[in-house]
Structure formats: C-alpha cells, structure tokens
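Since every read-out is calculated from the coordinates, none of them should be taken as a lab result. None of these values were measured; they are calculated from a predicted model. Because the Cβ atoms are built from the backbone with ideal geometry, glycine has one as well, and the counts that use them run over all protein chains shown.
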Amino acid sequence: MEKVLSDIGLNKNEIDVYLGLLYEGEMTPSHVADHTGLSRTNSYAILKGLAKKEIIEEFEKKKKLHYRVLHPQTLIEMVKAKRERQENAYKNLSLMMPKLIDDFEIVSGVPGASYLKGVNELERVYKDISQARKDVYVFSSKYSQDKKEAIALMRKYIKEQAKLGIKAKVLMPQNSKKSETGKKNNLVEVKYLPASFLLFSQIIVYGDAIAITSFKTNVVTTWIGDKDMAQTFRTIFMTLWDSDIGGKLYKTVARV
C-alpha cells in the first residue's frame, strides 16, 4: 500500500500519518506525533497538508482538534484533480514554449533564431547587447525615426552602452534627423549613406548575433544567433564603412 500511496504523490511522512489515521481512527496532532515518531510541529503541518488535499478531515472534539481519514474514494479524486492540473499545465507550457525557447536562445547564446513582436520584445535585444559588451554595428532604417517608442528605447540603451564602454558604428540614411542635444558620445560613430541607398529594415550586428527589425508598420524583429552569419554582416558593414559610399564621419551625441 505504501508504494501505491507514494506513486500518487504522498511522501513518506504523509504516508505514515495517513495510514496511522486509517488504522487507528481519529487522532489529535499529539497522538499522531506519538504514533509516527514525528515532532508535533511536523505532525500538525502534515495533517494540515493532507486536509488541504481533501483526503482527511479536521474537526473539533472536546475543544481539541482531531483528524480522521475520509472515504478512500477521495484518493481517486485527488489523483484525478492532479492529472487535470498537469494536463492544463502541459497545455499552457506548450503555448509558452516558443517564447521560452526564444528567451533561452537570446540569453544563452546558443545558435538559433527568434521572432520578436513589438517594442517591448525588441528591448530584449538591447539588453542582450548590454550584456554581451561587444562592439555594435548598425544599418539604420529610413523608418526607424518614425516610431517614437523605438527611438526612446534606442536613446535609453545608447546611454547605457556608453556607460559600459560599448563602441558603435552606425550607417544612417542621408535624410535621417540629426540630434543636436545631449552630451557628445565619442563611442558612437556615424556615417550617412547616399539618398539612393535606402534600407527598409534596421540591422544590428553584435557579438555572434544579428537583429533585423522592420519599423514600417508594426515593429517586428528577427534575431539570429550564428557566428558565421554575424561575421558576414560585419564584413559587409565594414566594406561600406571604409568605402566612399560611407560618406563623412561624425561623432554623434548620446541621444541619437
């Protein structure tokens, strides 16, 4: 019987208390302690736990708390309820799994790809940049200036990255607005691309990762963790940066 009770989720002390009540009848916590060899404190806690599982009941007799076993059918009901909770947990976990995998891949650095929706999820990329503490290379999008929330997010993390000593190079569309306020940030360098060189999505390359974000309608980001792909984009970036197409070099301000 102990094996069956263990299989349905009761631990050794719970089994001892349950069987004690089953064979001896109703008992007070002190009687349970004497019968099982457990301390009164532990006996009381276990009795409360079994009562919460609804397989024993608590009642008062002669102004003292007593406990007794409920009909054994309650054990079946307990197993059914536990199975239902597990099935619901499995369904909920299955729904959450894509996001859990995304979070794992971004934070752990394990190669993979993630699809992030909205500015709130885009912030995970900027947090990862701060944690990685690697130089950043940004292909700025012509549409990134149109999203106020995104601009506020970028400015927040540019300041944070400056404090961490993270260097950044940015290739921006020629028609981008130039910020005139804020403290000079010598860690961020900007070059403006010709008007004909338009990027519809922002591309951030850092460490072994790439984040490609579309700002045109909804903010959506594809994050890729892959060393070779990151190096490929970095090579393309530096080729443009070092060529005439990169234009004049600017030391930008912290609020860009």
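To the nearest 0.05, how large is the calculated FRET efficiency for residue 13 and residue 127 if R₀ is 35 Å and r is the Cβ-Cβ distance? List each step's numbers first, then the result.
Numbers: r = 44 Å, r/R0 = 1.26.
For residue 13 and residue 127, the calculated efficiency is 0.20.
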Calc'd 3J(HN,Hα), the stretch 216-228, phi into Karplus 6.51 cos²θ - 1.76 cosθ + 1.60 (θ = phi - 60°), Hz, glycine/Pro = x, comes to 4, 10, 8, 7, 10, 10, 9, 9, 10, x, 7, 4, 5
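Could you work out [θ]222 nm for the chain from helices alone, using -39500 (n - 2.57) per DSSP H run of at least four and dividing by all its residues? Round to the nearest 500 deg cm²/dmol.
-16000 deg cm²/dmol
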Under the Karplus relation with 6.51, -1.76 and 1.60 and θ = phi - 60°, whole-Hz ³J(HN,Hα) for the stretch 83-89, x at Gly and Pro, equal 5, 5, 5, 5, 5, 5, 5
Diffing the stretch 231-237: the Karplus 3J(HN,Hα) column from phi (6.51, -1.76, 1.60, θ = phi - 60°), in whole Hz with x for Gly and Pro, holds 5, 4, 5, 5, 5, 4, 4
Other-chain or far-sequence residues with amide H under 5 Å of residue 10's (modelled H) | none
Here Rg/Rh (Cα, Kirkwood) for the chain equals 1.35
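Please tell me which of these pairs span more than 31 angstrom C-alpha to C-alpha: 3/91; 91/159; 167/216? The partial results should precede the final answer.
Values: 3/91 29 Å; 91/159 41 Å; 167/216 27 Å.
The answer is 91/159.
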5 angstrom amide H check on residue 199, placed H, neighbours 5+ away = 142
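Quick one: length gained pulling residue 146 to residue 91 fully straight, 0.36 nm per residue minus the C-alpha distance? The partial results should precede the final answer.
Numbers: separation 55, 0.36 × 55 = 19.80 nm, distance 3.88 nm.
So the chain would gain 15.9 nm between residue 146 and residue 91.
Work out, step by step, the length gained on full extension between residue 104 and residue 197: first 0.36 nm times the residue separation, then minus their alpha carbon distance; give nm to one decimal.
29.9 nm
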Partner aspartates and glutamates whose C-alpha sits under 15 Å from that of residue 61, ignoring same-chain residues fewer than 8 away, are 26
So which aspartates and glutamates can residue 127 reach, going by Cα to Cα under 17 Å and dropping same-chain residues fewer than 8 places off?
-> 102, 103, 105, 135, 149, 160, 208
Go ahead and run the numbers for FRET between residue 6 and residue 117, Cβ-Cβ distance against an R0 of 41 Å, rounding to 0.05.
-> 0.35
Could you work out how far apart the two model spin labels at residue 160 and residue 40 are, taking each label as a point 7 Å from the Cα in the direction of the beta carbon, and quote it in nm?
-> 5.4
Please list 166-173, 224-231 highest first by mean number of surrounding beta-carbon atoms within 10 Å per residue.
-> 166-173, 224-231
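Extension gain residue 236-residue 59, at 0.36 nm per residue separation less the Cα-Cα distance, in nm? Walk me through the numbers on the way to the answer.
On the way: separation 177, 0.36 × 177 = 63.72 nm, distance 7.67 nm.
Gain on extension, residue 236 to residue 59, equals 56.1 nm.
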Amide H neighbours of residue 136 under 5 Å, counting only residues 5+ apart in sequence or on other chains, H built in-plane at 1.01 Å?
-> 167, 168, 169
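Report the relative contact order of the chain, percent, no decimals, based on alpha-carbon pairs under 8 angstrom and at least 6 residues apart.
On the way: 405 pairs, mean separation 43.0, N = 256.
Worked out over the chain, it gives 17 percent.
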